[in-house]
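A short write-up of the structure that comes next.
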Amino acid sequence: MDQRNKSLVVICGASAGVGRATAHRFAAAGYSIGLLARDEAGLASTQDELNRYDVQVLSISVDVADASAVEAAAIRLEEALGPLVIWVNSAMATVFSPVEKLTAQEIQRVTEVTYLGTVHGTLAALKLMRQRDNGLIIQVGSALAYRAIPLQAAYCGAKFAVRGFTDSLRCELLHDHSRIRVCMVQLPAINTPQFDWARNKLQKRPQPIPPIHDPDVAARAIFSVIQNPPRELWLGWASIKAIVGTSLMPGLLDRFMARNAYSGQMSEEDDAQRLDNLFAPDNALHQIRGRFVGRSRESAVALTSTQVSALLLLFAFLGGVLLLLF
């Protein structure tokens, strides 16, 4: 998949957080970069940072919830920057709130951005990639695509939906013997601005459940899959334990989350009245990192879902052997 020399990488959600960090990784490797996000000022700031790499960069302001706008932007980017080889879906929105305090409009908006935004990006990418029967679509997921937590029901539901959609698409591509690949990268807690610009209905300022990782850890993991894309890449021990644990003992994890995930997502600070980015961009916080720089880790283990399955089978086999011996 390493096709540089003016080959195009498009990144949705590129104005901040993981998307912006990922843009740096691909620009440093020599790819042409297409940046998609809502806020023009945030996009301009990202593009200014990427100019240091001496690669072609074009940014287009677009709401990923608008399917026709995403498709038009994809066509424009390919016409300007060359053939699309990699598409990264990283746009997201969330609301920190108990379910009973959510409105239908809030749930709809989170779903439109986090789930349908991924769908729209994927459809736009497929339309271009099908012409050459080649390319890679990377879905930036989360451990919350497997293990739902309280206070983020809308986001967890959207991430579960992304995984189901992606699994169906993967089966269809295999059926068609297509050379287009699709990979999900399931992330742990990342220090992005979302905890200061997401809509919050809690009494305290929200925070990620530790351990927290730097956005470049996620960007490196996303970049790593381009050579030999796995089905899924699980980043961080917390993600691996959450995904495996919810497969083996979901009821126990329900109780664990009920006891720990409320306090784990709330800091000690009261949350003052502020704007959020659910329905309109927040111009003040378009940056890679959030406020947890001193607490975020610079590295994390990364295992493919196939590797984790192999390890579980090995442990089961060794456990069986030990039982027979003793």
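Tell me which residues, restricted to segment 6-20, are surrounded by fewer than 24 Cβ atoms within 10 Å (Cβ to Cβ) and among the hydroxyl-bearing types (Ser, Thr, Tyr). Can you show your working first?
Of the residues in segment 6-20, the ones surrounded by fewer than 24 Cβ atoms within 10 Å (Cβ to Cβ) are 6-7.
Hit for segment 6-20 is 7, nothing else.
Does residue 203 satisfy the condition of being out of contact with any His (no Cβ under 6 Å at 6 or more places or on another chain) and within 18 Å of residue 140 (Cβ to Cβ)? Step through it out loud before you land on a result.
Values: out of contact with any His (no Cβ under 6 Å at 6 or more places or on another chain): yes; within 18 Å of residue 140 (Cβ to Cβ): no.
So residue 203 fails the test.
Taking the residues in segment 63-80 that are among the charged types (D, E, K, R) and assigned to a loop (DSSP other than H, G, I, E, B) as candidates, determine which candidate is most open to solvent (accessible area, probe 1.4 Å).
The extreme case among them is 66.
Return yes when residue 263 is more than 30 Å from residue 229 (Cα to Cα), at pLDDT 90 or above and in contact with a Lys or Arg (Cβ under 8 Å, 6 or more places away or on another chain) and no when it is not.
No; evaluated as a whole, the condition is false for this residue.
Identify all residues within segment 243-291 that are aromatic (Phe, Trp, Tyr) and either farther than 18 Å from residue 151 by Cβ or more than 23 Å from the chain's Cα centre (by Cα) (or both); write none if there are none.
The answer is 256, 279.
Scanning segment 283-302 for residues that are open to solvent by less than 30 Å² (accessible area, probe 1.4 Å) and either touching a strand residue (DSSP E or B) at 6+ places or on another chain (Cβ under 6 Å) or modelled with pLDDT under 80 (or both) turns up 292, 296.
Here's a check for you: in segment 88-107, which residue that is touching a helix residue (DSSP H, G or I) at 6+ places or on another chain (Cβ under 9 Å) and not in a loop (DSSP other than H, G, I, E, B) is nearest to residue 24 (Cα to Cα)?
We begin by selecting, within segment 88-107, every residue touching a helix residue (DSSP H, G or I) at 6+ places or on another chain (Cβ under 9 Å); these are 88-99, 102, 106-107.
Okay, now just the ones that are also not in a loop (DSSP other than H, G, I, E, B), so 88-89, 95-97, 99, 106-107.
Numbers: 88: 13, 89: 15, 95: 28, 96: 29, 97: 33, 99: 36, 106: 31, 107: 31 Å.
Looking at the filtered set, the residue picked out is 88.
Evaluating residue 23 against the criteria (1) small (Gly, Ala, Ser); (2) buried (at least 19 other Cβ atoms within 10 Å of the Cβ); (3) out of contact with any Ser or Thr (no Cβ under 9 Å at 6 or more places or on another chain) leaves one unmet condition, (3). With respect to (1) under 23 Å from residue 18 (Cα atoms); (2) open to solvent by less than 90 Å² (accessible area, probe 1.4 Å), the lone exception for residue 279 is condition (2).
Which one of 212, 222 is in contact with a Phe, Trp or Tyr (Cβ under 6 Å, 6 or more places away or on another chain), within 19 Å of residue 21 (Cβ to Cβ), buried (at least 19 other Cβ atoms within 10 Å of the Cβ) and touching a residue at least 40 places away in the same chain (Cβ under 8 Å)? Selected residue: 212, the only one of 212, 222 that is in contact with a Phe, Trp or Tyr (Cβ under 6 Å, 6 or more places away or on another chain), within 19 Å of residue 21 (Cβ to Cβ), buried (at least 19 other Cβ atoms within 10 Å of the Cβ) and touching a residue at least 40 places away in the same chain (Cβ under 8 Å).
Do the conditions hold for residue 105, that is, is it within 28 Å of residue 133 (Cβ to Cβ) and surrounded by fewer than 24 Cβ atoms within 10 Å (Cβ to Cβ)?
no
Taken over segment 81-101, the criterion of being over 17 Å from the mean Cα position of the chain (by Cα) and surrounded by 18 or more Cβ atoms within 10 Å (Cβ to Cβ) is satisfied by 81, 84, 85, 96, 97.
For segment 209-250, filtering for residues that are under 19 Å from residue 155 (Cβ atoms), assigned to a loop (DSSP other than H, G, I, E, B) and either at pLDDT below 95 or touching a Leu at 6+ places or on another chain (Cβ under 7 Å) (or both) leaves 2.
Pairing each residue of segment 111-136 that is open to solvent by less than 10 Å² (accessible area, probe 1.4 Å) with any residue that is modelled with pLDDT under 95 and of a type outside the set (Lys, Arg), provided the two are 6+ apart or on different chains, yields C-beta distances under 8 Å for 136/1.
The values are calculated or read from the model by the stated rules, or taken from the named source; none is laboratory data. All of these numbers come straight from a predicted model, not from anything done at the bench. Methodologically, a virtual Cβ is constructed for each residue, glycine included, from the backbone with ideal geometry; neighbour enumeration extends over all protein chains shown. Ligands, DNA and RNA are excluded from the accessible area calculation, which covers all protein heavy atoms including side chains. Shrake-Rupley method; radii C 1.70, N 1.55, O 1.52, S 1.80 Å.
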